[in-house]
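Taken together, the values in this text are just the output of simple stated rules run on the coordinates, not laboratory data. All values reported here derive from a predicted model rather than from experimental measurement. Neighbour counts run over all protein chains shown; Cβ positions are idealised from the backbone, glycine included.
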Amino acid sequence: MDPARFAASPIGDLLPIFGTDGRGQTYEHVAFAAHPLAAPPELGTATWNRVAFPGLTYQAVSNAVRKLEEVGILEQRNVPGVMVFRAPDVVAIISAPSAA
């Protein structure tokens, strides 16, 4: 760690540390200690719904996929923000909602 990179940080402080390692050798260095985080922001129902939607959608599709008879042919492709599930005669494309 390069202490000079953290010396002027607005989010924490460098604190001196020292001691003796397992080989009996002493050491002296610094450690970065971040400032405590502020209280979490209050989030409204609409925000929580947007956060929960992708997980709920994934779970619904996952449950539906388990019901398919030919699970061996099932294919899942991971594309950022999109899930594509394919099986014979079934294609499900799920997209996360865009930011408002």
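Pull up all non-local amide H partners of ALA31: gap of 5 or more, or a different chain, and H-to-H distance under 5 Å with H placed in the peptide plane.
Amide H neighbours of ALA31: LEU15, ILE17.
At a 10 angstrom cut-off on C-beta neighbours, averaged per residue, how do the peptides 39-49, 3-13, 54-64 rank from highest to lowest?
54-64, 3-13, 39-49
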